[in-house]
1. Among what's in region 149-179 and is small (G, A, S) and open to solvent by 30 Å² or more (accessible area, probe 1.4 Å), pick the residue that is modelled with the lowest pLDDT.
2. Would you tally the residues in region 93-117 being of a type outside the set (S, T, N, Q), closer than 18 Å to V54 by Cα and either at pLDDT 95 or above or surrounded by 20 or more Cβ atoms within 10 Å (Cβ to Cβ) (or both)?
3. Kindly check whether there is at least one residue in region 27-36 that is more than 21 Å from V148 (Cβ to Cβ) and buried (at least 16 other Cβ atoms within 10 Å of the Cβ).
4. So G90 clears everything in (1) modelled with pLDDT of 90 or more; (2) at negative phi except one condition, right? Which one?
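The values are calculated or read from the model by the stated rules, or taken from the named source; none is laboratory data. Treat the numbers as computed from the prediction; the structure is a model and nothing was measured. We place every Cβ from the backbone using ideal geometry, glycine too, and count neighbours over all the protein chains shown. What goes into the accessible areas is simple: the full protein's heavy atoms, side chains included, and nothing from ligands, DNA or RNA. Shrake-Rupley method; radii C 1.70, N 1.55, O 1.52, S 1.80 Å.
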Amino acid sequence: MLQAVDVQALCGQFDRREISHLQFIEKCARMIGDAIGCSRAGVWVFLDTDQGRVLRCLGIHDRVRNRMVLAPDETGAQVPEYFRALEEVGHIVASEARTHPATAGFFLAHPRPHAVYSLLAVSFSINGELFGTFTCTQLGEVRHWTPVQLATLKRIGARASLALAGATRTSRETLPMPL
């Protein structure tokens with residue numbers, strides 16, 4: 001079971017520069033995936049571009065394959081709906097990700113992208129601005145997320161986002177094995 005001290009210790013290592021940005025993202029994603037028990041756990045950030053808001057993957061731990069992967073940037077009409085839901089509520093609980101109003105758009109163009117059925121997301125802000133999201137996805141079957149899982153993700157995200165806020169780097173660093 002995840003202990004608050006585990007999250008604190010990880011963030012302390014990152015704050016003291018004992019681990020790199022990539023190592024922090026990987027360890028954080030692994031910690032989230034293990035705590036929630038989902039297929040994949042990831043860290044994403046929002047970027048404003050000339051083409052609109054982009055959702056950029058910093059890293060996803062795929063627990064099925066036991067490796068880190070990257071997903072391509074999410075752009076287009078679905079990103080504002082996802083962003084709006086996170087901004088208004090602070091989280092998304094989409095047991096049926098393919099039909100949930102905030103997540104369905106991600107799956108319209110790709111009906112079976114990596115067989116994602118369910119998504120749980122918690123937003124984080126830096127300096128009062130929505131900056132990104134911690135996500136959990138379930139592959140292959142619908143997952144009915146529990147209040148305990150949501151609370152756990154919020155707890156990890158609250159502390160991990162403070163460490164990310166302290167980091168000066170927000171650019172994408174490459175990880176091996178893209179999706």
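1. Let us first name the residues in region 149-179 that are small (G, A, S), namely 151, 157-158, 160-161, 163, 165-167, 171.
Then drop every residue that is not open to solvent by 30 Å² or more (accessible area, probe 1.4 Å), which leaves 151, 158, 165-166, 171.
Details: A151: 95, A158: 90, A165: 78, G166: 71, S171: 38.
Only one residue fits best here, namely S171.
2. 2
3. Taking region 27-36 as the starting set, the residues that turn out to be more than 21 Å from V148 (Cβ to Cβ) are 27.
Pick out the ones that are also buried (at least 16 other Cβ atoms within 10 Å of the Cβ) and you get 27.
Looking for residues that are more than 21 Å from V148 (Cβ to Cβ) and buried (at least 16 other Cβ atoms within 10 Å of the Cβ), one finds at least one in region 27-36, hence yes.
4. Status for G90: all satisfied but (2).
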